[in-house]
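**Student:** This is the structure, below, for whatever I ask next.
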Amino acid sequence: MNGARVVVTGGAGFLGSHVCESLTGSGAEVICLDNYATSTPANLAGLRDDARFTFVTCDVTDGIRVDGPVDLVLHLASPASPVDYLRLPLETMRAGSAGTTNALELALEKGARFVLASTSEVYGDPLRHPQPEDYWGNVNPIGPRAVYDESKRFSEALTSAYRSERGVDTGIVRIFNSYGPRMRAHDGRVVPTFIRQALAGEPLTVAGDGSQTRTLCYVADTVGGLLAMAGSDHAGPVNIGGAHEVTVLELAERIRSMTGSRSEIRFVELPENDPRLRRPDLSRATRLLRWRPRVRLGDGLAQTVRWFADAGIDGVPAGHG
Ligand code: NAD
Ligand code: UDP
């Protein structure tokens, strides 16, 4: 990416901030567009003094204007945690519809490659396991998660239409549960929630009987997969996710034990339409991008626990607002 000029929408978020750092580290110039809907400036602390990095306050649903050439548009702007998109249902749908249109229009105007950060949620509560990219999914279009799932499905359809109708060089990655430093302690996703609860000695809230599974991918691996797609000319979709499937109860027990916590496990109500099983079929990513996740779950969780322990229980490093 050396010398490339890259626009990252949602670049202040959990994944986006790691993407921006990786890009500037490889010599790219980064323009980050974000409205802090679900993030804080603290995520960008390490980039503030970097001459290759520019932050622009921007709600991508209002339109996007960037001066000068752009080689690549990475579109990540959208609430992503269930707690966030249930709190911001209409904003989530607008990010997926108007926001994705505006990001695609920018790529069209600049002749840039465009990569959409889509999600395993397009598979809904999958009836095939593991999920290959040619599986069409099982989504309830009027359920509570639909605001996110259908936005991303719409974004994928829109991206495909800009490719076929406008000739934009597009790529779609379907990201499966990623985790790591800079997740917000209260964003509701399972890893930061269990770590926060374990460190605070509070009960770990396992939904249902905890037998539902997820396949977790450490953020450095996720970013590597996303950027491998960006550097290719493949259209995708390509699954980017972990290789090691765990039940939610196993995850709770693992985090409790690695933090030395004496928290109890408390079973709470399973959210509606919560997917039962989730694991990516990674053969396409391996074949097309020569990418596979490398960080073992134990190592990634240890790094994440250390970050939360250092940053403070609310995940905000001292000195950053
Ligand atoms: P996040 O909530 O930390 O980051 C999203 C960022 O988008 C935030 O900085 C937020 O302020 C910004 N944003 C939201 N609406 C915006 C708008 N209208 N205009 C400008 N900025 C806006 O979430 P994340 O986990 O970093 O996810 C980033 C992207 O990756 C999302 O598109 C998400 O759907 C996708 N994704 C993430 C995961 C994961 O496990 N983290 C899995 C699948 C897909
Ligand atoms: N979960 C849980 N306790 C929590 C938060 C989440 O048991 O405090 C469960 C959730 O019901 C789901 C899984 O963990 O089965 C992953 O949830 P998350 O919100 O991280 O992501 P999702 O894969 O549902 O988008």
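**Student:** Can you tell me the alpha carbon radius of gyration of the range 125-284 divided by the globular rule-of-thumb value 2.2 N^0.38 Å?
**Tutor:** Against the compact-globule rule of thumb, the ratio is 1.15.
**Student:** How many angstrom separate the Cα center of the range 63-121 from the Cα center of the range 155-195?
**Tutor:** Answer, in whole Å: 10.
**Student:** Let me ask something else about it. Hull surface divided by four, with the convex hull built on the Cα atoms of the range 183-262: how many nm²?
**Tutor:** Across all orientations, the range 183-262 yields a mean hull projection of 6.3 nm².
**Student:** Let me ask something additional. Taking only the alpha-carbon positions of the range 70-117 and ignoring solvent, what does the Debye formula give for the base-10 log of I(q)/I(0) at q = 0.14, 0.21, 0.30 Å⁻¹?
**Tutor:** Values, matching the q order: -0.37, -0.67, -1.01.
**Student:** How tilted is helix 14-25 with respect to the longest principal axis of the chain? Cα atoms for both, answer in degrees (0 to 90, nearest 10).
**Tutor:** 50
**Student:** For the pair ARG166 and ASP50, how long in nm is the line joining their label points, each one 7 Å along Cα→Cβ?
**Tutor:** Taking the simple label geometry, ARG166 and ASP50 are separated by 2.8 nm.
**Student:** Would you mind ranking THR205, THR9, THR38 by Cβ crowding within 10 Å, fewest neighbours first?
**Tutor:** If I rank by nearby Cβ atoms, fewest first, I get THR205, THR38, THR9.
**Student:** Under 5 Å between amide H atoms, partner at least 5 residues away or on a different chain: which partners does ARG52 have, H built in plane at 1.01 Å?
**Tutor:** none
**Student:** Further question on the same structure: What number in nm² do you get for the range 66-194 if you take the convex hull of its Cα atoms and divide its surface by four?
**Tutor:** Mean shadow area of the hull around the Cα atoms is 8.9 nm².
**Student:** Full extension from ASP310 to VAL83: what is 0.36 nm times the residue separation minus their Cα-Cα distance, to one decimal in nm?
**Tutor:** Extra length available between ASP310 and VAL83 comes to 79.3 nm.
**Student:** Turning to a different aspect of this structure: Taking only DSSP H segments of four or more residues, each worth -39500 (n - 2.57), what value at 222 nm results for the chain once the sum is divided by all its residues, to the nearest 500 deg cm²/dmol?
**Tutor:** -10500 deg cm²/dmol, from helical runs alone.
**Student:** Another question, if that's okay. Would you mind calculating the gained length between ALA207 and ASN140 on full extension (0.36 nm times residue separation, minus the Cα-Cα distance), in nm to one decimal?
**Tutor:** Taking ALA207 through ASN140 to full extension adds about 22.1 nm, to one decimal.
**Student:** Sticking with this structure for a sec: At ALA200 and HIS186, where each label point lies 7 Å from the Cα along Cα→Cβ, what is the point-to-point distance in nanometres?
**Tutor:** So the label points at ALA200 and HIS186 sit 0.8 nm apart.
**Student:** I would also like to ask the following. Project the alpha carbons of the range 5-311 onto their principal axes and report the range along each, largest first, in whole Å.
**Tutor:** 55, 44, 37
**Student:** Helix 219-230 against the longest principal axis of the chain: what's the angle in degrees, Cα atoms only, rounded to the nearest 10?
**Tutor:** Orientation of helix 219-230: about 20 degrees from the principal axis.
**Student:** I would also like to ask the following. Starting from the Cα-Cα distance between LEU127 and LEU270, subtract it from 0.36 nm times their residue separation and give me the gain in nm to one decimal.
**Tutor:** 49.6 nm
Each value in this text was obtained by applying a stated rule to the coordinates, not by laboratory testing. Predicted model, so just to flag it, every value in this text is computed and none were measured. Note that each Cβ is placed from the backbone with ideal geometry, even for glycine, and that neighbours are counted across all protein chains shown.
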